[in-house]
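Below is one structure, written out as structure tokens, with a few remarks after it.
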Amino acid sequence: MKIPFNIPFVSGDEVTYINEVIANKSFSYPGIFSKKCELELAKITGCESIRLTASCTSALELAALAIDVKEGDEVIVPSFTFVSSANAFALRGARLVLVDVNPNTMCLDENLLEKAITSKTKAIVLVHYAGFTENIEKIVELCNANNIFLIEDAAQSIDSYYKNKHLGTFGDIGCVSFHDTKNIQCGEGGAILINNKTLIEKIDVIIEKGTDRKAFLAGKVSEYTWKTLGSSYGLSEINSAFLLAQLQELPIVTQKRKILFNFYKENLEPLKNLQLIDFYESAYNHNSHILFIKLKDALQRNELSIFLQKNGIAAYSHYSPLHLSDRGRNYPYFCSTNDYSKTESDRLLRLPLYFDLEKEHIIKLIETLKIQLK
Ligand SMILES: Cc1ncc(COP(=O)(O)O)c(C=O)c1O
């Protein structure tokens with residue numbers, strides 16, 4: 001029995017919708033399917049102004065342009081994150097201030113923020129690792145008190161909530177991913193959730209290569225021209241059609257993932273009680289995107305990963321902390337007291353979790369884990 005790390009979800013209705021796109025002979029953004037997805041996403045998240053983007057990376061780059069990040073601005077980013085959370089702002093010339101994470105949630109440690117904020121801080125990028133978050137009120141308050149934009153990297157957070165409010169709807173902007181590693185997907189895709197209404201018009205220009213094409217399509221101007229810096233950030237109709245089929249199945253996808261996550265949890269509990277592994281789950285309603293365990297150290301983690309591999313099971317680590325990366329060393333100030341970004345990521349191992357996974361796979365995986373950990 002082989003257990004791959006991920007199998008992207010496929011609903012079965014994708015081809016029907018893609019055939020409709022071909023029949024419509026309209027393929028670019030915005031179109032009928034991107035509009036349908038944006039409405040569907042508005043229902044799910046409660047955010048009224050959503051635009052589909054080519055990726056979450058594009059949504060983050062769009063966000064950096066929308067809040068006008070410039071040379072000399074400081075942007076606070078957790079060191080434990082995917083590179084896109086940092087690149088989007090570094091590309092605009094921002095000085096990144098890398099901040100450590102909470103060792104349980106692996107999300108930005110809000111207790112370090114007061115030390116990291118200066119008069120030059122333009123934005124905080126709050127990454128909801130694994131669809132987890134905690135104490136978001138404190139971060140929102142700090143942003144409001146210091147006139148700082150809050151950008152939520154909710155790449156992993158579709159159908160994740162904090163106190164009944166969807167992640168990505170707390171800050172000025174939220175960015176979501178539909179990459180094929182996510183719970184629902186369209187190959188490469190994303191969305192920008194515009195919670196700060198003063199940014200809507202600007203984002204509608206930036207997403208159209210910096211032009212007023214939206215006004216042109218609405219018949220408000222006779223031609224469209226270059227208005228501001230922008231790029232090609234919208235999602236094509238083929239990807240949007242694929243995504244609509246997935247969005248319509250989101251409740252079923254989340255429900256199955258939660259069942260699998262809880263089954264893992266029950267079966268990992270005895271190993272945790274014997275202090276052979278660490279396991280953490282957010283107390284809030286998360287989407288069961290990632291299941292991670294922690295081992296003693298990097299050596300034990302790597303040995304376990306190789307052992308699983310030899311037994312046909314793929315389990316991976318991530319992320320290498322940004323403050324220790326080649327590019328990250330350009331930003332020498334790392335705000336931390338314990339360097340959990342390094343010590344905890346060294347111990348972290350992600351186990352397979354996807355819609356087509358079955359309980360029997362999890363049983364085999366746990367049995368294999370036990371052999372190595374005894
Ligand atoms: C935290 C985080 N931010 C951003 C991204 C980038 O998303 P995309 O691949 O849609 O550009 C990812 C992708 O895995 C991610 O995990």
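Coordinate-derived values only; no laboratory data. These numbers come from a predicted model, not from an experiment. Every residue, glycine among them, receives a Cβ derived from its backbone with ideal geometry; neighbour counts consider all protein chains shown.
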#### Entry: Where only C-alpha atoms are counted, convex hull volume of segment 316-360 per residue in Å³
110
### Task
Please work out the FRET efficiency for the pair Tyr333 and Ala42, using the Cβ-Cβ distance as r and a Förster radius of 35 Å; give the result to the nearest 0.05.
0.35
### Message
Please list, in order, the residues from segment 235-274 whose amide nitrogen is less than 17 Å from a point placed 7 Å along the Cα→Cβ vector of Leu91.
### Response
235-236
### Modelled FRET efficiency - R0 41 Å, Thr198 with Phe279, Cβ distances, 0.05 increments
0.45
## Note on the structure
Checking segment 268-374 for GluC sites (Glu not before Pro) in a loop per DSSP with at most 12 other beta-carbon atoms within 10 Å yields Glu358
### Query
By a straight-distance test (C-alpha under 30 Å), which lysines pair with Lys374 as possible cross-link partners, with residues fewer than eight away in the same chain excluded?
Lys2, Lys258, Lys265, Lys272, Lys294, Lys296, Lys310, Lys342, Lys359, Lys364
### Query
Å³ per residue of the Cα convex hull, for segment 250-373?
142
### Message
Taking 45 Å as R0, compute the FRET efficiency from the Cβ-Cβ separation of Ser231 and Glu367 and round it to 0.05.
### Response
0.35
### Task
Taking a cut-off of 17 Å between Cα atoms, list the lysines near Lys209, but don't count ones fewer than 8 places away on the same chain.
Lys227
### Query
Hey, which aspartates and glutamates would be in cross-link range of Lys202, C-alpha to C-alpha under 17 Å, not counting anything within fewer than 8 residues on its own chain?
Glu48, Glu61, Asp68, Asp172, Asp212
### Task
Over 30 Å, how big is the tail of the calculated P(r) for segment 14-247, in percent of all Cα pairs?
23
### Message
Quick check for me: using +1 on Lys/Arg Cβ and -1 on Asp/Glu Cβ, what's the dipole size of segment 14-247 about its Cα centre, in debye to the nearest 20?
### Response
500
## Note on the structure
Ranked output for segments 120-133, 199-212 by mean other Cβ atoms within 10 Å, highest leading, reads 120-133, 199-212
### Query
Against the longest principal axis of the chain, how steep is helix 250-273, in degrees 0 to 90 to the nearest 10, with axes from Cα atoms?
30
